[in-house]
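Scroll down for the structure; my scribbles are underneath it.
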Amino acid sequence: MSEDRIPEINSFFRLQWEEAQNSFVLLYPEGMVKLSQSAGEILKRINGKSSVQDIISDLQSAFPDVDLTSDVITFINQATENGWLNR
Amino acid sequence: MVGSTANLSGMPLWLLAELTYRCPLQCPYCSNPLEIASYKNELGTDDWLKVLREARKLGAMQLGLSGGEPLVRKDLELIVKEGADLGYYSNLITSGVGMDEERVVALKEAGLDHIQISFQASDKELNDFLGGTSSFQHKLDMARAVKANNYPMVLNIVIHRQNIDHIEDILKMTVELKADYVELASTQYYGWSALNVDSLLPSREQLERAESIAHAYQDQHRNKMKILYVVPDYYETRPKACMNGWGSVFLTIAPDGRALPCHAAASIPDIEFPNVKDRSINYIWNDSDAFNKFRGFGWMKDPCRTCPEKEKDFGGCRCQAFKLTGDATNADPVCSKSPHHQQLSDKVARLQDVHQLQGAPIVFRNMSNSKLLSDNSD
């Protein structure tokens, strides 16, 4: 995957912060996925405008202590495979 | 209270609002109760808005708007709007009858997230026979309108002896209509479908053929359309994890305001289900005897009580246990560990000869049959 790619959430899914779960969730017809903190942090930065590189830089400034590049790329590939992101 | 420990109860993540039992269709596989004609006092708009607010406060995220046919309710758009404002993901579960393009648009504007349309079959003749009304062409038109208005679309087809041999044509139709998600839901035997089980349960041979076709479509359309095929549990040897456990994530509100842990629960006698007109959702979910009755594991008898799989399937379905054994605390007889399993297997074996049973009478789900049935039981 190129870091120039601009990922987009599949319109089948809705990302939402859920206070009661203390996490982000993905909602879709008759179902839901509770997201881990890191998945939530990545997905909330996917807005159809930012490239993968932009998302990595933004996360890196929020969490400067670790190199996140490979984690973000792995997650985006997996989320695409899951159908959460448009191919 | 039997089997209750407050800390086992999670949140009612799923709120199913059965807005009405009125329906223009008469499907003989309906899982509504037989007593639909005796439900006179439907909740009003304000009652529903209160239910939505209170359940959301307890953590509900998914809102199912169902029935009967929810489009019969003139205040559906208002209810949808409140759901959207509260942050629910809303699902309209409809036959498509009572819909027009204007309403598809109005519901979108009100904030509806998703529409599920049911088909009875993939051709006009069988679809209209099973639904008891001429609706096939209208359903096709409405499915196209749903897609044209950018909703995710689920097509639901309840599968049974009368339509299972058409499964390939059914799947072709769903591909043509560009469904995002297809539910091939084998009939479960509650309410009207239990009455019609002799005409509805497919044979093992029918089932195996249908399964292989469904799996081929699943592989072929993997990236475009998800196909869920639920096999009839009468053919299984372990029960379904019904509702993920009683009072665990599901909260159904019947048209008259009775709160139920699943939509068939009212079929179990001797449980007094609380009504949202009298009680808060918080009380109903956390404190009522009805919701604590089969919550957790304390209510179980053997073989469930000592079964290593109890945390996986929760002993199966309470309604089915009652229906087939007369005691809701028994193991679901689908389970091969149940002492009643053999009886169920014998019943299934008797229903294998499709040709011999072809002429079995079908009782359609409508108000006059409901009245007749309740008169007979008096």
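Read-outs: derived from the displayed coordinates by stated rules, not from any lab. Fair warning: this is a prediction, and the values are worked out from it, not measured in the lab. Don't worry about glycine lacking a Cβ; one is built from the backbone with ideal geometry, like all the others, and counts go over all protein chains shown.
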*Members of the range A:64-87 that are surrounded by fewer than 12 Cβ atoms within 10 Å (Cβ to Cβ) and more than 14 Å from chain B (Cβ to nearest Cβ)*: A:PRO64, A:ASP65, A:VAL66, A:ASP67, A:SER70, A:THR74
*With respect to B:LYS240, is the statement that it is within 19 Å of B:TYR21 (Cβ to Cβ), basic (Lys, Arg) and part of a loop (DSSP other than H, G, I, E, B) true?*
no
*All positions within the range A:1-17 that are surrounded by 14 or more Cβ atoms within 10 Å (Cβ to Cβ) and within 14 Å of chain B (Cβ to nearest Cβ)*: A:ILE9, A:ASN10, A:PHE12, A:PHE13, A:ARG14, A:LEU15, A:GLN16
*Filtering the range A:34-43 down to residues that are surrounded by 15 or more Cβ atoms within 10 Å (Cβ to Cβ) and touching a strand residue (DSSP E or B) at 6+ places or on another chain (Cβ under 9 Å), which residue is nearest to the other protein chains (Cβ to nearest Cβ)?*
A:LYS34
*asked:* Anything in the range A:38-76 that is within 10 Å of the chain's Cα centre (by Cα) and closer than 27 Å to B:HIS114 by Cα? List them, or say none.
replied: A:ALA39, A:GLY40, A:GLU41, A:ILE42, A:LEU43, A:LYS44, A:ARG45, A:ILE46, A:ASN47, A:PHE75, A:ILE76
*asked:* Criterion first (over 23 Å from B:HIS263 (Cβ atoms) and within 20 Å of the chain's Cα centre (by Cα)) does B:ASN127 satisfy it?
replied: yes
*Please specify each residue of the range A:18-27 satisfying the condition of being within 13 Å of the chain's Cα centre (by Cα) and facing another protein chain (nearest Cβ under 9 Å).*
A:VAL25
*asked:* Need pairs with beta-carbon distance below 6 Å; first residue in contact (Cβ under 8 Å) with a residue 40 or more places away in the chain and within the range A:12-38, second among the β-branched types (Val, Ile, Thr); sequence gap 6+ or separate chains.
replied: A:LEU26/A:VAL33
_Qualifying residues in the range B:105-126 (those that are within 14 Å of chain A (Cβ to nearest Cβ) and not in a helix (DSSP H, G or I)) - the one surrounded by the fewest Cβ atoms within 10 Å (Cβ to Cβ)_ = B:GLY111
